[in-house]
Amino acid sequence: LRLLEDAELVLTDSGGIQEEATVLRVPCVTLRTTTERPVTLEVGMNVLAGSDPENIVRLGKIMLKRGRQQVAIPPLWDGQASGRIVDVLLRELKNGRQSGRWRDRGLPAGKVPCRPESQT
């Protein structure tokens with residue numbers, strides 16, 4: 001992340017790097033024709049270049065000219081995902097035990113069952 005944070009431009013084929021570049025507001029050129037992270041394109045911090053060297057260079061120059069932009073970081077990309085996940089798990093565990101959805105699997109006290117009873 002430190003290298004990425006100090007970069008002026010990123011060339012990648014990694015979805016994770018596309019996300020990290022967007023959060024750090026580092027222009028990104030993705031060396032593919034599709035992405036599973038379309039929000040990085042929508043906020044303008046990423047472009048898809050494919051594998052053509054001339055297109056990669058052309059888009060790289062465009063993104064370098066744009067530089068770091070004060071784009072809106074996508075909702076929920078605030079670094080608080082783990083807290084939200086814990087909240088959901090605790091709420092589901094509480095609701096599941098109250099409604100009888102969880103089957104007692106003989107786990108030690110405090111352990112979360114593997115799956116709801118309806119999926120066994």
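The values are calculated or read from the model by the stated rules, or taken from the named source; none is laboratory data. In this text the structure is predicted, and so the values were computed from the model without any measurement. Please note: Cβ atoms are built from the backbone with ideal geometry, for glycine as well, and neighbour counts cover all protein chains shown. Areas reflect the complete protein model, heavy atoms only, side chains present, ligands, DNA and RNA absent. Shrake-Rupley method; radii C 1.70, N 1.55, O 1.52, S 1.80 Å.
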Handout entry: Whole-Hz ³J(HN,Hα) from phi, Karplus 6.51 cos²θ - 1.76 cosθ + 1.60, for the stretch 36-47, glycine and proline x
Key = 8, 10, x, 4, 5, 6, 4, 7, x, 9, 9, 9
Completion exercise
Computed about the Cα centre, the charge dipole of the stretch 1-44 from +1 Lys/Arg and -1 Asp/Glu charges at the Cβ has a magnitude in debye, to the nearest 20, of 60 debye
Problem - Cα Rg over Rh - the stretch 1-82, Kirkwood - result: 0.95
Completion exercise
Rounded to the nearest 10 Å², the 1.4 Å probe accessible area of residue 42 is 140 Å²
Problem - About the Cα centre, charge dipole magnitude for the stretch 43-85 (Lys/Arg +1, Asp/Glu -1 at Cβ), debye - result: 180 debye
Problem - Under Karplus coefficients 6.51, -1.76 and 1.60, residue-wise ³J(HN,Hα) of the stretch 71-86 in Hz, glycine/proline x - result: 8, 6, 6, x, x, 6, 9, 9, x, 10, 4, 4, x, 5, 5, 4
Handout entry: Long-range HN-HN contacts of residue 28 with modeled amide H, under 5 Å
Key = 10, 46, 47
Exercise for the section: Compare the peptides 71-77, 47-53, 24-30 by average per-residue count of other Cβ atoms within 10 angstrom and give them in order, highest first. Expected result: 24-30, 47-53, 71-77
